[in-house]
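Nothing in this text is a laboratory measurement; each read-out follows from the coordinates by a stated rule. Bear in mind the structure is a predicted one, so any value in this text is a computation, not a measurement. Cβ coordinates were reconstructed from backbone atoms using ideal geometry, including for glycine residues, and neighbour counts include every protein chain displayed.
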């Protein structure tokens, strides 16, 4: 038995080494490689990805894991959890004929290029055929599993364990009923809070502020760095080397600030996973939804609160002297301006989940046969008009805006909305334990980090999202707190 | 036969891929990785290095190369050259018992740490025992080759084909006779040209100037980048991805400028290797000496000339406005100030080769048994006093200043001096073909790059240093031009 475990450990170690190397190459490609280097680095990434994939999908390894699973009672808690997660993955992969899997991999590998081309031409029709295939493969692969549950719910589950259509329908229905009218109410007022915080700031000052703010939140620069890229992201080499990016736009000095705080939330999570999990597959976030809850918690609940600005405004003025002539309230209102925007990644806190709702309804509609891929631009635009009151002028502003589908990520978008819901539940629980407002006003953000570390971060993947949330809040996912939070916050701002 | 060639090509491709990956990891480690990431990345570098080494030193591969060598007449020019180079390497490695080689690798792996420790304690005695061993292994390994030539000449040859004690003795003798008196003459004058170019400049402006100057020289930013590190270096992923670093010091704005130009010379060489050599082991500089000739050519002969400043001064003023109040002549004299410095990497053009001479005489003395490692601090300091008129106050300023010996690089230092000598020979030849002064004054540096590309860069390792120099100059290495150049330049400045 112990022999099997040590072979298992060796293989996992090998895989983790490959994945760390992949992370470094990906980082290089996206933050600094010159154009001339793209081809070679992409080739390396392709080769290593395949190697990493094969390490844990070859017959011998699968057999090893299955044997360990049979004797799982004699494994320790960590090993058992690893084996359970791997068994779930294996079950899903095993049923797919290997030639189909290969074809699908090739398809998604080329799909991103086609999506980019369609964006250049502003024409969804270029992307439609390949998108259709991607949806079809996803349907087929799920059906191979031979389960009773509906196809889309199973896909949702792959990204967020325990999720299904029923829960999400209920959530989005409430959101529609509560937030869409609130948005219309706000929009009628046509207030401009944002005008006051519109100024230019040099990239250098923005960079310095990003570093300051990350330290302020508790991101550890001995075990992490921040750099620049076209789309901000967080990438983990291992828990001692966590890397963030942001994007600096001179005309939008709050854009880099909030994207740094957002990525900082992801980064603090990754740095906070317990050391003992480092060499296991559990050194990762519990789920995408929980991961997103941490970034959104820092970005919105903390970073867009009045108390946060009370505690930090004079410090930010060292970097953005334009803030000196504004009150805390004016900054607070400025950064919480509601706008009916077309682009998800630029959306404010109030409208963000409505963007996700559009995608959720479309994915569900395609998976259950209600919608056709060819009709997507029209459906997209209608839904945007209905929920947000705006209409894209072309497909780039509409259905072509996100990369996710081209990568085969169907059922992934709802994680973003779940992150919002979780973040408010976590906030409510945190307030019972510590004086959050006081901590923000006094700049003691370390207390917040420590609380999150103890309740969420240290567990990595050792606990499921459900276990984490019930453990913290005494109940499972419940969107009422989120909806209440939004209503209170925005009624107060717009009153 | 063609089968053997295609197996050979596959192996080389594999090795080059590993080496490119190693370059990327090394780059990451030295330019940006957080402290927490050092351990993992160093481990990756160790693993991949071993893999890369084993790829071309295993018995099967050696046999393949030996077989190809037997039929080398039927290989094309490029393949033949690759096989010849590999055979030479194999001959050297084959004679070393593998357990001794392993011990030596372990020794040099730990020696750098000991060297660093000795530097911290400012005490050569800490480093002496391991340095003694390194010298002994080098002696022993050379003796295994069973050749008649003296040991140190054979070591010199490993870094610069065709080099030996006889040639270098003659060169350094001339240098000693001509430059040491000139330096004394200059020093008596105690002129301060440098005072005028002493000002502060922000890191941002220095960065912008570095990019400008590299473009001006012809470095291709589609196929390269510049970043920062503690010690400036150039690193090649492949010819389409060449990376430079520099170091920005606010009080020394010319330091980053000249280190960028220096590394730019290396980088332009690497970018200029012909495409057809890309997948071969010939995509590299002909030798360290020739490589250094390119960096020094750009840094000194071009970059420290009066004509260069005539052509560029008004452009540099956009970044360093302090230059506006100075004449071209004042800048020219300022950047050519002669100083008797203790540290090689900070030495000016006139004294640089004297620093190399100190190292050359010491290496030679140890290899032929004249000197003992334990006496090195004293010998070092005496020679510094004799040639440069200065004495280190401790071992860090003296014998412990360079990393090379701790890495096992014995016989490597003279390449730097050879680079100086070559660079002037190349300059003399270039002047016969093109109007260099005119090109500099008109800012047409591309003409210079093209000439070097045609005569040197495109060949990569396809030609030996000797072939390159004879091809360009009609004669082999000849130090008289270098010595004449220094005498004329510095007599003019100091007159």
Overall form of segment B:91-181 per C-alpha gyration tensor (a/c, 1.5; a/b vs b/c): oblate
Shielding by partners, peptide B:236-243 (average Cβ within 10 angstrom, other chains): 5
Cα-projected label distance for residue A:393 with residue A:72, points at 7 Å along beta-carbon direction, nm: 5.5
Contact order relative to length of chain A, as percent, for alpha carbon pairs under 8 angstrom and 6 or more apart: 19
Inter-copy separations for residue A:390, label at 7 Å along Cα-Cβ, nm, ascending: 6.3
Rounded to 5, the percent of DSSP beta bridges in chain B classed as antiparallel: 45
For peptides B:398-404, A:234-240, B:246-252, B:129-135, sequence by mean Cβ density within 10 Å, most packed first: A:234-240, B:398-404, B:129-135, B:246-252
Between segment A:9-45 and segment A:352-366, the Cα center-to-center distance that results, in Å: 33
Calculated FRET value between residue B:102 and residue A:2, using beta carbons and R₀ = 22 Å, to 0.05: 0.10
Inter-centroid distance (Cα atoms) of segment A:174-200 relative to segment B:199-246, Å: 46
Nm distances between copies for residue A:77, ranked from closest, using label points 7 Å along Cα→Cβ: 7.0
Spacing of the two label points (7 Å from each Cα toward its C-beta) at residue A:9 and residue B:375, in nm: 5.4
Estimated FRET transfer efficiency when R0 is 56 angstrom, pair residue A:112-residue B:95 (beta carbons, to 0.05): 0.60
Inter-part distance where segment A:420-495 and segment B:62-127 are each reduced to a Cα centre, Å: 58
Protection-proxy order for peptides B:321-329, B:278-286, each taking the mean of Cβ atoms within 10 Å per residue, highest first: B:278-286, B:321-329
Segments A:110-120, A:456-466 sorted - mean Cβ within 10 Å per residue, highest first: A:456-466, A:110-120
Averaged over B:24-34, number of beta-carbon atoms from partner chains that fall within 10 Å: 5
Shielding by partners - mean other protein chain Cβ count within 10 Å, residues of B:11-20: 1
Rough spin-label spacing in nm, given labels placed 7 Å along Cα→Cβ, for residue B:278 and residue A:54: 2.5
Stretchable slack from residue B:368 to residue B:249, in nm (0.36 nm times residue separation minus alpha-carbon distance): 38.7 nm
Label 7 Å beyond Cα on the Cβ vector: residue A:444 copy-to-copy distances, nm: 7.2
Rounded FRET efficiency, nearest 0.05, which uses the C-beta distance separating residue B:386 from residue B:231 and R0 of 35 Å: 0.80
